[in-house]
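Working notes, structure below.
The values are calculated or read from the model by the stated rules, or taken from the named source; none is laboratory data. Predicted model, so just to flag it, every value in this text is computed and none were measured. Here the Cβ is made from the backbone with ideal geometry for all residues, glycine too, and neighbour counts use every protein chain on show.
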Amino acid sequence: TRRVTIHDIAAAKARGEKWPMLTAYDAMTASVFDEAGIPVLLVGDSMGNVHLGYETTVPVTLDEIAMLSAAVVRGTKRALVVADLPFGTYQEGPVQALRSATRLIKETGVGAVKLEGGERSLPQTELLVQSGIPVMSHLGLTPQSVNAMGYRVQGRSDEAAHQLLRDAKAAESAGAFAVVLELVPAEVAAEITRSLHIPTVGIGAGVDCDAQVLVYTDMVGLTGGKVPRFTKQYADVRSVLADAAKEFAGEVVGGAFPAEEHTFH
Ligand code: KIV
Ligand code: NA
């Protein structure tokens, strides 16, 4: 088996084939999704919220992304693994972006990196692509800018929709191989999808995107509390884990575990 490449991703758009992407943050979960045939896994800086217990993605460090990216690569054989460049590791400019991305590519074995911003990240995207590092771009709601933009649907006004299209075109012209559109009206995402040769990956961006991504803990019902409306919960893993833990606790307290078959003499 060989890994999925950005050329496979380009070919899928040419054939009009849709594809799924999920986040992953550890080797075990990544191996499950790899064996389930998910072609692209994102080591998202959403690990900050769902995995590391931060309030936002802002505090996530390159060390944290690197450690979990290496685990996801080790846990997979086939998926293209994409790692987020965390906040503060590329905003200074193209040289900082190249230093950060090079470290992830060399130390972890990921096949691509993702960064937020279209026009504002154009020089970064260009230098990475020219250096041989595939780049996925992330537009619309960009959580690393939460302190400035909040969490709301982006691109609702005509002006904002035009800016989104300009950002998407900028990402494409800089050489990005795909563009994530987060929390964007479906009509705007559909127009961007039609206007680009590279695939759009939607999250809260309607059904017309070329691909769809979800944060896996939301997708399996593991995230506690309120999940965004654009998420669909395909399982209730939180209940499965809680029930198992309660049953184990009850059996320990009651003396039913360990039983004879778990015991050595
Ligand atoms: O960090 C993340 O999980 C992401 C996806 C939501 C696209 O960036
Ligand atoms: Na992210």
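Here are a few things to note about the model shown:
- Of residues in segment 35-53 being buried (at least 16 other Cβ atoms within 10 Å of the Cβ) and of a type outside the set (A, V, I, L, M, F, W, C), the one farthest from ligand 2 (Cβ to nearest atom): PRO39
One line per residue, one yes/no per condition, for (1) within 20 Å of PHE230 (Cα to Cα); (2) at pLDDT 95 or above; (3) crowded, with 21+ Cβ neighbours inside 10 Å:
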position: ALA168; (1), (2), (3): no, yes, yes
position: ALA171; (1), (2), (3): no, yes, yes
position: ALA176; (1), (2), (3): no, yes, yes
position: VAL179; (1), (2), (3): yes, yes, yes
position: ALA190; (1), (2), (3): yes, yes, no
position: THR193; (1), (2), (3): yes, yes, yes
position: LEU196; (1), (2), (3): no, yes, no
position: THR200; (1), (2), (3): yes, yes, yes
position: GLY204; (1), (2), (3): yes, yes, yes
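- Residue match in segment 97-107 (condition: over 14 Å from the mean Cα position of the chain (by Cα), of a type in the set (Lys, Arg) and in a loop (DSSP other than H, G, I, E, B)): no
- Among residues of segment 79-90 that are in the same structural domain as GLY48 (by TED's automatic domain parsing) and among the acidic types (Asp, Glu), those with a beta-carbon under 6 Å from a residue that is part of a strand (DSSP E or B) and within 12 Å of ligand 2 (Cβ to nearest atom) at least six positions away or on a different chain give the pairs ASP84/LYS114.
- Residue match in segment 153-160 (condition: touching a residue at least 40 places away in the same chain (Cβ under 8 Å), surrounded by fewer than 18 Cβ atoms within 10 Å (Cβ to Cβ) and over 22 Å from GLU55 (Cβ atoms)): no
- Listed by position, the helices (runs of 4 or more DSSP H) inside segment 146-232 whose residues that are under 18 Å from the mean Cα position of the chain (by Cα) number at least 2 are 158-174, 216-219.
- Residue within segment 247-259 that is farther than 21 Å from MET21 by Cβ and in the same structural domain as ARG15 (by TED's automatic domain parsing) present: no
- Pair list, Cβ < 8 Å and 6+ apart or interchain, from segment 127-144 residues that are more than 14 Å from ligand 1 (Cβ to nearest atom) to residues that are of a type in the set (S, T, N, Q): SER131/THR102; ILE133/THR102
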